[in-house]
1. Among 130, 143, 46, which residue has its Cα furthest toward the positive end of the charge dipole of the chain, with +1 on Lys/Arg Cβ and -1 on Asp/Glu Cβ?
2. Determine the per residue accessible area of the chain with all protein chains present and a 1.4 angstrom probe, expressed in square angstrom.
3. What aspartates and glutamates could a cross-link reach from residue 160, if we take a straight Cα to Cα line under 17 Å and drop same-chain neighbours fewer than 8 places away?
4. To the nearest 10 degrees, how steeply does helix 321-338 sit against the main Cα axis of the chain, on a 0 to 90 scale?
5. Once you have all Cα-Cα distances for region 257-296, histogram them in 10 Å bins from zero and send the whole-percent values.
6. Between residue 310 and residue 259, what FRET efficiency comes out of the Förster formula 1/(1 + (r/R0)^6) with R0 = 22 Å and r the beta carbon distance, rounded to 0.05?
7. Please compute P(r) over all alpha-carbon pairs of region 119-158, binned at 10 Å starting from zero, and give each bin as a whole-number percent.
8. Select from 335, 244, 32 the residue whose mean-square fluctuation is largest in a Gaussian network model of the chain (Cα-Cα springs shorter than 10 Å).
Amino acid sequence: MGTDALQAGLNAIEIDPRADFSQQLIAAKCRALLAGYDAMWSNAPYEILSVEELVTSELWNPDTGRKSRSFTLAGKIDVKATLGDRRVIFDHKTTSQDISDPNSSFWRQLTIEGQVSHYMLLEWLNQRKVDDAVWDVVRKPSISPKAISKKDCEGVIFGKRYFGREVSTESLLALQQDQRETLEMYEARLAHDCTIERPQWYFQRRSVPRLDAELHEYATELWGHSQDLLHVRHTGRHVRNPGACMLYGSPCKFLGICSGHDEPNSDHWQLKNQVHVELDLDGDGRDVLTNSRIRSFQTCRRKHYYEYEIGIERQDEEEREALFFGTLWHKALEAWFETQIEKGDVNGNNNAASPSSEVGTGCSTDNTPIYF
């Protein structure tokens, strides 16, 4: 735990000490995982250029060179880096699925995932060609705090150490009252598991090549989605998809409205100032397309309507544990990578000053993007 990056990440995981046990447990998991992540990747030969960088662009029809009059594109790239003379972007993922098998369904699905294509296209349209994308994946722990035998308790109390870490006086006193791991002890065991015992079970990175033809295909699909969205917007036919109401094992947050038990204008809901809460954009963002928005539109057009067209959110919505874990982990990685940013040109080329509004003007005489 001696690196500046690790300490910065641990500082980012700090939460209110009065938080409930479930949140304290998630923070302990994130701290342990970060120790393993640092041990696994701290010597990776990447030069970090930027972290959490917002990239925007016009939306173009790659077949006709026509610029959209309705939508623009945006995305926040987790990490930009170089590996030798190659430009690379990172996208962080957390999952409960198996990531140790390169042939698992998890990795097969990611081969067609549009998120990195969206980011690589954004960079391409800004005259910054990306050579590779990296899925940076962390598997969420499946182990929980456990009971400890009387013999093991005595060993911990006598030695004042647990899985290589010194145990605090508070934990030793708690252990005498209840023969179960404290959160501090659980964190030590999990850190040992993901650092020493099973690092490959928890951490994997896979390179995601995208051929120019594949990016062109994605750009074509993106244009098609924009036209479908315009059609739905003009006709008002925001069709429901009942098959998506219980995705990921929990009800859609708009299920109450769709089922007639609530209304968008009730006291339970409020308008968002910015429909893309993850981005720092000018305006309300209703005419900005992100990968998350496209996924929402593909999943359920009624959900997309409430989330991105009206732009409502629950006033009393509690953060689910999975979302809390993802948010906390993302903050930790952001802090971890920021300590490694190289000084100088964050874009890694000589076109850093090229604004997205100039995309397509370049040397072209028909206002089409120069890479199409």
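The values are calculated or read from the model by the stated rules, or taken from the named source; none is laboratory data. Predicted model, so just to flag it, every value in this text is computed and none were measured. Using ideal geometry, Cβ is built from the backbone for each residue, glycine included, and neighbour counts are taken over all protein chains shown. The area values use the complete protein model at the heavy-atom level, side chains included, leaving out ligands, DNA and RNA. Shrake-Rupley method; radii C 1.70, N 1.55, O 1.52, S 1.80 Å.
1. Positive-most Cα among the choices belongs to 143.
2. Per residue, the chain has an accessible area of 52 Å².
3. Of all the aspartates and glutamates, those that pass the test against residue 160 - Cα under 17 Å, at least 8 places apart if same chain - are 152, 170, 178, 181, 184, 187.
4. 80
5. Calculated over all Cα pairs of region 257-296, the distribution is 25, 39, 33, 3 percent.
6. 0.80
7. Answer for region 119-158: a P(r) of 21, 19, 15, 13, 12, 16, 4 percent.
8. 244
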